[in-house]
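Colleague: What follows is a structure written as structure tokens; I'll ask about it next.
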Amino acid sequence: MTFRMTPKFPTPTALRRAAGAVLAAALMFGASAAAVYAQSLSTTPVDSIVAVVDEDVILRSELDQAVANIRAQYRGQNEALPPTEVLERQVLDRLILMRLQVTRAEDNGIRISDAELDQTVSGIAQQNGISTDSMRAQLAADGMSFSGFRETLRDELTVQRLRQALTQSRVNVSDAEVDVELASQANSGGQVHLSDILVAVDDGASPLDVEAAKSKVADIKRQIDGGLAFEAAAIRYSDAPNALDGGDLGWRNVNEVPRLFTEVVKTQPVGTVTEPMRGPSGFHLLKITERRDENERQTATEYHAQSIVILRSELVPDAEAHARIDAARERVTSGGEDFGSVAKEVSEDTRTRDLNGDMGWFKADDYGASVARVITTLEDGEVSQPFPSNVGWHLIKRLGVREQDVTEELRRAQARETVGKRKAEEEYESFLRQLRSEAYIENRLTG
């Protein structure tokens, strides 16, 4: 059983550095001890180094465990996996990239606490519908230690945090960019489910290397045209991080696709594969798996209400705030006073007090969960019972409800998100290329 978590690819456990033999034994205990030690070497397996990454190493045992995890994911589908030497190369490339990212994150002070890790492990267990103890047992049955699983997950969370920190600091989306995106979406074609095969071309590659990559991607396209499943081709040949997922990129707004490929994606028929296309990372083949339209109008329920708020503080304890909101409700419901007049007199919400407590039109969750729970249960004209929030005590009178067309509002929000995602992906890809180019990497599988 493989546990679902994001990202799906199993990454390395915490570094287990190779330890040399203690040769002092021979000097301290004489030749007989040395002979016994030498004999033990013939029966004790030695963990070898498969890659050197700056001042760090990746051991053969780490690579074997990661490959075993991949085979566990594809249990019963072994024919979908590439030959062992190709699979090992793909997995090692990922381990190297993960090691570089984790090291950079740690250098920048990014740490995942044990408490946060425990919470994430519990969440994964719940997501898979089992207890943490059951997950521990299943991991053992699959040949993976629970501690190794935790450290794998710690690495993944660390890299997620690094990506968030880097893109948040470097990616900004202006209103002008949103306007341009909305204009370009006029004929965007909705959303597409994409799969990708990448034949990588390194920065600074020679013309001969570029030509070799071009020939390779053309040969892959010929094999797909000849009946090889795209997913199998991705697993066998792709250099992209999602190769072992069959190249699946999931659903994307057409305008989230890099601009170099947008026009092709808009017009490519469902189920077909593009001709090879050159991008910043190399040559791509894209498959349009599905397509869906997003032109339908979208609505949201909005509420109109008035409110009275009494804040709690060091000077106004909770009991006193509660008593004051009770008194305000009594004036409205039993005393017959106008809600707005009472709100203007006693409410401590500076945003609405001078408006007779008028909150305007809003979505249920715009003011938080406490307001949402109450406003959705009231009838128009009804005054709520006093209820608490994290700031104090509230009283609400619902004035109306409506279904509002929020298509344009949502389109603008989605356009901002689309531009942000695209810029973040481009920025992080550039960061990873730079990270690799600056690192000392010795891959002992490929030389």
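Colleague: For THR407, state whether it is surrounded by 14 or more Cβ atoms within 10 Å (Cβ to Cβ), touching a residue at least 60 places away in the same chain (Cβ under 8 Å) and out of contact with any helix residue (DSSP H, G or I) (no Cβ under 9 Å at 6 or more places or on another chain). Give the derivation first.
Modeller: Details: surrounded by 14 or more Cβ atoms within 10 Å (Cβ to Cβ): yes; touching a residue at least 60 places away in the same chain (Cβ under 8 Å): yes; out of contact with any helix residue (DSSP H, G or I) (no Cβ under 9 Å at 6 or more places or on another chain): yes.
Answer is yes for this residue.
Colleague: OK, next. Spot the failing condition for ILE197; the list is (1) out of contact with any Gly (no Cβ under 6 Å at 6 or more places or on another chain); (2) more than 30 Å from ARG416 (Cβ to Cβ), and only one is missed.
Modeller: The number of the failed condition is (1).
Colleague: Would you pick out the residues in the range 201-224 that are out of contact with any strand residue (DSSP E or B) (no Cβ under 6 Å at 6 or more places or on another chain), not acidic (Asp, Glu) and not in a helix (DSSP H, G or I)?
Modeller: Answer for the range 201-224, where residues must be out of contact with any strand residue (DSSP E or B) (no Cβ under 6 Å at 6 or more places or on another chain), not acidic (Asp, Glu) and not in a helix (DSSP H, G or I): GLY204, ALA205, SER206.
Colleague: Scanning for something touching a residue at least 24 places away in the same chain (Cβ under 8 Å), among the charged types (D, E, K, R) and under 25 Å from GLU425 (Cα atoms), does the range 84-91 turn up at least one residue?
Modeller: yes
Colleague: Only one residue in ALA319, ALA300, ALA327 is more than 30 Å from GLN73 (Cβ to Cβ), touching a residue at least 60 places away in the same chain (Cβ under 8 Å) and among the aliphatic types (A, V, I, L, M), so which one is that?
Modeller: Values: ALA319 fails: touching a residue at least 60 places away in the same chain (Cβ under 8 Å); ALA327 fails: touching a residue at least 60 places away in the same chain (Cβ under 8 Å).
Criteria check complete, one pass: ALA300.
Colleague: Considering only residues that are in a loop (DSSP other than H, G, I, E, B), within 14 Å of THR289 (Cα to Cα) and in contact (Cβ under 8 Å) with a residue 40 or more places away in the chain, which ones fall in the range 225-260? Steps first, please.
Modeller: Within the range 225-260, the subset in a loop (DSSP other than H, G, I, E, B) is 226-229, 238-242, 246-247, 257-258.
With the extra rule that they be within 14 Å of THR289 (Cα to Cα), the set shrinks to 229, 246-247.
Across the range 225-260, the qualifying residues are GLY246, GLY247.
Colleague: Starting from the range 160-186, take each residue that is over 18 Å from GLU409 (Cβ atoms) and list its partners that are assigned to a helix (DSSP H, G or I) and among the small types (Gly, Ala, Ser), counting only C-beta distances under 7 angstrom and pairs at least six apart or across chains.
Modeller: ARG161/ALA105; LEU162/ALA105; THR167/ALA424; VAL171/GLY420; VAL171/ALA424
Colleague: Now for a separate question. May I ask you to verify whether VAL67 is β-branched (Val, Ile, Thr) and under 29 Å from ALA165 (Cβ atoms)?
Modeller: Working: β-branched (Val, Ile, Thr): yes; under 29 Å from ALA165 (Cβ atoms): no.
No.
Colleague: Among the numbered conditions (1) touching a residue at least 24 places away in the same chain (Cβ under 8 Å); (2) surrounded by 13 or more Cβ atoms within 10 Å (Cβ to Cβ); (3) assigned to a helix (DSSP H, G or I), tell me where ARG136 comes up short.
Modeller: For ARG136, the exception is condition (1).
Colleague: Which residue is nearest to LEU311 (Cα to Cα), if the candidates are limited to the range 359-397 and must be among the aromatic types (Phe, Trp, Tyr) and touching a Phe, Trp or Tyr at 6+ places or on another chain (Cβ under 9 Å)? Break it down into steps so the answer makes sense when it comes.
Modeller: Narrowing the range 359-397 to residues among the aromatic types (Phe, Trp, Tyr): 361-362, 367, 387, 393.
With touching a Phe, Trp or Tyr at 6+ places or on another chain (Cβ under 9 Å) added as a condition, the list becomes 361-362, 387, 393.
On the way: TRP361: 23, PHE362: 22, PHE387: 12, TRP393: 6 Å.
Once the filter is applied, the top-ranked residue is TRP393.
Colleague: Scan SER195, SER147 and give me the residue that is hydroxyl-bearing (Ser, Thr, Tyr) and either assigned to a helix (DSSP H, G or I) or closer than 28 Å to THR120 by Cβ (or both). Working first, answer last.
Modeller: Working: SER195 fails: either assigned to a helix (DSSP H, G or I) or closer than 28 Å to THR120 by Cβ (or both).
SER147 is the lone residue from the list that is hydroxyl-bearing (Ser, Thr, Tyr) and either assigned to a helix (DSSP H, G or I) or closer than 28 Å to THR120 by Cβ (or both).
Colleague: Related question: Testing ARG161 on (1) modelled with pLDDT of 90 or more; (2) surrounded by fewer than 17 Cβ atoms within 10 Å (Cβ to Cβ); (3) over 21 Å from the mean Cα position of the chain (by Cα), one condition comes back false. Which one is that?
Modeller: (3)
Colleague: For the range 223-232, check the following and say yes or no: at least one residue is over 23 Å from LYS287 (Cα atoms), at pLDDT 90 or above, of a type in the set (D, E, K, R) and out of contact with any Gly (no Cβ under 6 Å at 6 or more places or on another chain). Reasoning before the result, please.
Modeller: From the range 223-232, those over 23 Å from LYS287 (Cα atoms) are none; that's our starting set.
Looking for residues that are over 23 Å from LYS287 (Cα atoms), at pLDDT 90 or above, of a type in the set (D, E, K, R) and out of contact with any Gly (no Cβ under 6 Å at 6 or more places or on another chain), one finds none in the range 223-232, hence no.
Colleague: Further question: Criterion first (over 26 Å from THR167 (Cα atoms), not assigned by TED's automatic domain parsing to the domain that holds ARG436 and not charged (D, E, K, R)) does ILE58 satisfy it?
Modeller: Details: over 26 Å from THR167 (Cα atoms): yes; not assigned by TED's automatic domain parsing to the domain that holds ARG436: yes; not charged (D, E, K, R): yes.
For ILE58, the condition - over 26 Å from THR167 (Cα atoms), not assigned by TED's automatic domain parsing to the domain that holds ARG436 and not charged (D, E, K, R) - is met.
Colleague: Going through GLU409, GLU429, GLU442 one at a time, which residue ends up being closer than 30 Å to GLU55 by Cβ, assigned to a helix (DSSP H, G or I) and among the acidic types (Asp, Glu)?
Modeller: Working: GLU409 fails: closer than 30 Å to GLU55 by Cβ; GLU442 fails: assigned to a helix (DSSP H, G or I).
None of the other options fit; the residue is GLU429.
Colleague: Which pairs have Cβ atoms under 8 Å, sit 6 or more apart or on different chains, and link a residue in the range 47-59 that is in contact (Cβ under 8 Å) with a residue 60 or more places away in the chain to one that is assigned to a strand (DSSP E or B) and polar (S, T, N, Q)?
Modeller: VAL50/ASN443; ALA51/ASN443
Colleague: Being more than 27 Å from VAL210 (Cβ to Cβ), among the acidic types (Asp, Glu) and surrounded by fewer than 17 Cβ atoms within 10 Å (Cβ to Cβ) is true for just one of GLU275, GLU290, GLU302, GLU263. Which residue is that? Break it down into steps so the answer makes sense when it comes.
Modeller: Numbers: GLU275 fails: more than 27 Å from VAL210 (Cβ to Cβ); GLU302 fails: surrounded by fewer than 17 Cβ atoms within 10 Å (Cβ to Cβ); GLU263 fails: more than 27 Å from VAL210 (Cβ to Cβ).
Of the residues listed, the single one that is more than 27 Å from VAL210 (Cβ to Cβ), among the acidic types (Asp, Glu) and surrounded by fewer than 17 Cβ atoms within 10 Å (Cβ to Cβ) is GLU290.
Colleague: A further question follows. State the number of residues belonging to the range 47-76 that are of a type in the set (S, T, N, Q) and farther than 19 Å from ALA141 by Cα.
Modeller: Residues meeting the conditions: 1.
The values are calculated or read from the model by the stated rules, or taken from the named source; none is laboratory data. Remember, it's a predicted structure, so these values are computed and weren't measured experimentally. Every residue, glycine among them, receives a Cβ derived from its backbone with ideal geometry; neighbour counts consider all protein chains shown.
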